[in-house]
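Take a look at the structure set out below.
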Amino acid sequence: PRSTLFPYTTLFRSTTYQSADFVFFAHNIADLGDEQRHFQLSAEDIALINPNTRTCPIFRSKQDAELTKYIYRRVPVLINENDPEHGNPWGISFMRMFDMSNDSHLFRTKEQLEQKGFELQGNRFINGNTVYLPLYEAKMIHHFNHRFGDYADLPEGSDSTQLPEVPLSRLQNPEYEPLPRYWVKESDVEKASGKPSKYWLGFRDICRSTDERTIISNVIPFSAVGNKIPMLLNDFETKTNISFNACLNSFACDFVSRFKVGNISMNFFIAKQLAVLPPTFFQALDSPLTTSLSRHLTSSLLELLYTSYSLQPFAQDCGYDGPPFIWNEDRRFEIRCELDALYFHLYLGTLSDWQTQGTQELLAYLPTPRHAVEYIMETFPIVKRKDEKEYGEYRTKLRILEIYDQMTHCLATNTEYRSTLNPPPGPPCDSEGTFIPVDKWNKNNWPKHIHLTDE
């Protein structure tokens, strides 16, 4: 008989079995006969994946379970509360700045500020020495885009929970900044944050395991921030922190994160147990692939993130004091595919790692890490559907696999991977990968992917 209301659970005590058998998303009794839907987890497996809460992850198949266990044996959780000394390698603390309900008395609308004589400059309201900063909400940001949503585009009287897509022409304007629904006095922002900063790193709280993507993290200009963008605070330098941001936004990290999300919120207890490469990895690089990461990761992320002047302090902390990068969809797609291919290598390891660290069950399903990349990309059906509708093929998966294969060849031949983009991502660099100061650029051959300077 079909049952969609009541789960079937069998409980028993045993001193013989070391693991339990699980099946999720079974909608009728016949589903229990599908061996591929069954997976086994021991207490040690659960503690490996969710060491803080010891909650059972929700897998759809044995493949997902085996692959996730393999990744967690290689990559630690963000914060392991059972290890006070070494369990928080990123030194992360979480902050919710303004509660959209409890702190609403601090919020001001555009009309209220204009009536008091404030003038809008960019997306800030200024009257003499008093400044009101924009209040960023989760729907205003996306992967590598702090200008994803603009309340000025929402039709008057609309009760939509989504903001219209910002036109490409505006994203290509380095002076453009989106308008929020509310503004908050700068002194109140400083008081609420309690930590001096020129910009924030945060993630969207609202998510579902069935969304196009689960984790959405981004850098945000110094501003007021609503509670649906929890912020990640630490004391690492910006160049190291942006590798953390790229890690969170990768398909590899996204794949394992969805098995922890049971509702529509990326709660702190979930975020703490995400599989995140530790900072020591980015500080101790000793292979051509990771040398390439050290040299080009900052450049690639600068081009993705620094598209308007509001993030100039962020760019300066990365060592770049030039104008923003032009929003170019083709270049951004290529850079993101390069980053995803790289993080697949970092999360899954080499073929030797795979064969020595993978279980027999994992190797039977996925003989090589490349098979795992193919499999993981097929678990993002909305990304696939959009690609096939627009391009007639799963473009994102195919391009990531092409770059992944090029990086595999570089590893096998002990050579450094180089981007196929011309010019390469980020600012012009010398042979050592050091940024060339803007005043030394060839004015007659200005980088075509960077806005012209006003000087």
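The values are calculated or read from the model by the stated rules, or taken from the named source; none is laboratory data. Given the structure is predicted, the values throughout are model-derived calculations rather than measurements. Glycine also receives a Cβ, built like all others from the backbone with ideal geometry; neighbour counts cover every protein chain displayed. Note: areas computed on protein heavy atoms with side chains; ligands, DNA, RNA excluded. Shrake-Rupley method; radii C 1.70, N 1.55, O 1.52, S 1.80 Å.
Quick grid of which residues meet (1) within 18 Å of the chain's Cα centre (by Cα); (2) polar (S, T, N, Q); (3) at pLDDT 95 or above:
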residue: T214; (1), (2), (3): yes, yes, no
residue: F251; (1), (2), (3): yes, no, yes
residue: V261; (1), (2), (3): yes, no, no
residue: A271; (1), (2), (3): yes, no, no
residue: R295; (1), (2), (3): no, no, no
residue: S299; (1), (2), (3): yes, yes, no
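Among the residues of the stretch 47-58, are any among the small types (G, A, S) and in contact (Cβ under 8 Å) with a residue 40 or more places away in the chain? No, the stretch 47-58 contains no residue that is among the small types (G, A, S) and in contact (Cβ under 8 Å) with a residue 40 or more places away in the chain. When F125 is tested against the conditions (1) touching a Ser or Thr at 6+ places or on another chain (Cβ under 8 Å); (2) assigned to a strand (DSSP E or B); (3) of a type outside the set (A, V, I, L, M), the lone failure is (1). Of the residues making up the stretch 302-317, those that are touching a residue at least 60 places away in the same chain (Cβ under 8 Å) and under 19 Å from the mean Cα position of the chain (by Cα) are L302, E303, L304, L305, T307, L311, F314. Comparison of D64, D83 shows that the only residue that is free of Cβ contacts under 8 Å to residues at least 40 places away in the same chain and open to solvent by less than 60 Å² (accessible area, probe 1.4 Å) is D83.
Would you mind finding the one in E388, E393 that is outside any helix (DSSP H, G or I), within 27 Å of the chain's Cα centre (by Cα), farther than 23 Å from F314 by Cβ and not hydroxyl-bearing (S, T, Y)? Walk me through how you get there before you give the answer.
Working: E388 fails: outside any helix (DSSP H, G or I).
Step by step, each of E388, E393 is checked, and only E393 is outside any helix (DSSP H, G or I), within 27 Å of the chain's Cα centre (by Cα), farther than 23 Å from F314 by Cβ and not hydroxyl-bearing (S, T, Y).
Every test in (1) farther than 26 Å from H449 by Cβ; (2) at pLDDT below 80 is passed by K239 save one, and that test is (1). State all residues of the stretch 36-62 that are under 24 Å from the mean Cα position of the chain (by Cα) and modelled with pLDDT of 90 or more; if no residue qualifies, say none. L48, I49, N50, P51, N52, T53, listed by residue number.
Quick one: would you say Y417 is in a helix (DSSP H, G or I) and surrounded by 12 or more Cβ atoms within 10 Å (Cβ to Cβ)? It is false that Y417 is in a helix (DSSP H, G or I) and surrounded by 12 or more Cβ atoms within 10 Å (Cβ to Cβ). Kindly provide the set of residues from the stretch 392-411 that are open to solvent by 70 Å² or more (accessible area, probe 1.4 Å) and more than 14 Å from T350 (Cα to Cα), ordered by number. Within the stretch 392-411, E393, L398, E402 qualify.
Look through the stretch 363-373, keep the residues that are in a helix (DSSP H, G or I) and at pLDDT 95 or above, and return whichever of them is nearest to D64 (Cα to Cα). Even if it seems obvious, please write down each step before you answer.
The first filter runs over the stretch 363-373 and keeps only residues in a helix (DSSP H, G or I), leaving 363-365, 369-373.
From what is left, the residues that are at pLDDT 95 or above are 363, 369-373.
Details: L363: 13, P369: 14, R370: 15, H371: 13, A372: 10, V373: 12 Å.
Only one residue fits best here, namely A372.
Just to be sure, is I376 in a helix (DSSP H, G or I) and exposed (fewer than 15 other Cβ atoms within 10 Å of the Cβ)?
Values: in a helix (DSSP H, G or I): yes; exposed (fewer than 15 other Cβ atoms within 10 Å of the Cβ): no.
Against the criterion (in a helix (DSSP H, G or I) and exposed (fewer than 15 other Cβ atoms within 10 Å of the Cβ)), I376 does not qualify.
Every residue, every condition in (1) among the hydrophobic types (A, V, I, L, M, F, W, C); (2) under 20 Å from F269 (Cβ atoms); (3) touching a residue at least 12 places away in the same chain (Cβ under 8 Å), yes or no:
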site	(1), (2), (3)
P167	no, no, no
N218	no, no, yes
K228	no, yes, yes
S250	no, no, yes
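Could you check, for the stretch 159-167, whether at least one of its residues is more than 27 Å from F255 (Cβ to Cβ), open to solvent by 20 Å² or more (accessible area, probe 1.4 Å), touching a Lys or Arg at 6+ places or on another chain (Cβ under 9 Å) and modelled with pLDDT of 95 or more? Checked against the condition, which is being more than 27 Å from F255 (Cβ to Cβ), open to solvent by 20 Å² or more (accessible area, probe 1.4 Å), touching a Lys or Arg at 6+ places or on another chain (Cβ under 9 Å) and modelled with pLDDT of 95 or more, the stretch 159-167 yields no hits at all.
Would you confirm whether or not the stretch 310-330 contains a residue that is outside any helix (DSSP H, G or I), touching a Phe, Trp or Tyr at 6+ places or on another chain (Cβ under 7 Å) and open to solvent by 20 Å² or more (accessible area, probe 1.4 Å)? Spell out the reasoning first.
Of the stretch 310-330, the ones outside any helix (DSSP H, G or I) are 318-328.
Checking which are touching a Phe, Trp or Tyr at 6+ places or on another chain (Cβ under 7 Å) leaves us with 319-320, 324-325.
Restricting the remaining residues to those that are open to solvent by 20 Å² or more (accessible area, probe 1.4 Å) gives 319.
For the stretch 310-330, residues outside any helix (DSSP H, G or I), touching a Phe, Trp or Tyr at 6+ places or on another chain (Cβ under 7 Å) and open to solvent by 20 Å² or more (accessible area, probe 1.4 Å): present.
Look through the stretch 345-373, keep the residues that are in contact (Cβ under 8 Å) with a residue 40 or more places away in the chain and small (G, A, S), and return whichever of them is surrounded by the fewest Cβ atoms within 10 Å (Cβ to Cβ). The qualifying residue surrounded by the fewest Cβ atoms within 10 Å (Cβ to Cβ) is G349.
Say whether the condition of being within 22 Å of W354 (Cα to Cα) and in contact with a helix residue (DSSP H, G or I) (Cβ under 9 Å, 6 or more places away or on another chain) is met by at least one residue in the stretch 429-443. Within the stretch 429-443, not a single residue is within 22 Å of W354 (Cα to Cα) and in contact with a helix residue (DSSP H, G or I) (Cβ under 9 Å, 6 or more places away or on another chain). Here S243 meets the list (1) open to solvent by less than 10 Å² (accessible area, probe 1.4 Å); (2) farther than 16 Å from S93 by Cα; (3) among the polar types (S, T, N, Q); (4) part of a loop (DSSP other than H, G, I, E, B) almost entirely, failing just condition (4). Screening the stretch 86-123 for residues that are within 23 Å of I220 (Cα to Cα), charged (D, E, K, R) and more than 25 Å from the chain's Cα centre (by Cα) and picking the one that is surrounded by the fewest Cβ atoms within 10 Å (Cβ to Cβ) gives E119. Of all residue pairs spaced 6 or more apart or on separate chains, those with beta-carbon atoms under 9 Å, a first member in the stretch 384-410 that is among the acidic types (D, E) and a second member that is open to solvent by 60 Å² or more (accessible area, probe 1.4 Å) and not in a helix (DSSP H, G or I) are D387/E393. Mind listing whichever residues of the stretch 433-445 are within 20 Å of I242 (Cβ to Cβ) and modelled with pLDDT under 90? G433, T434 - these are the residues of the stretch 433-445 that are within 20 Å of I242 (Cβ to Cβ) and modelled with pLDDT under 90.
Considering the stretch 209-240 alone, what residues qualify as being crowded, with 20+ Cβ neighbours inside 10 Å, assigned to a loop (DSSP other than H, G, I, E, B), in contact with a strand residue (DSSP E or B) (Cβ under 7 Å, 6 or more places away or on another chain) and among the polar types (S, T, N, Q)? If the condition is that a residue be crowded, with 20+ Cβ neighbours inside 10 Å, assigned to a loop (DSSP other than H, G, I, E, B), in contact with a strand residue (DSSP E or B) (Cβ under 7 Å, 6 or more places away or on another chain) and among the polar types (S, T, N, Q), then S223 is the only one that fits.
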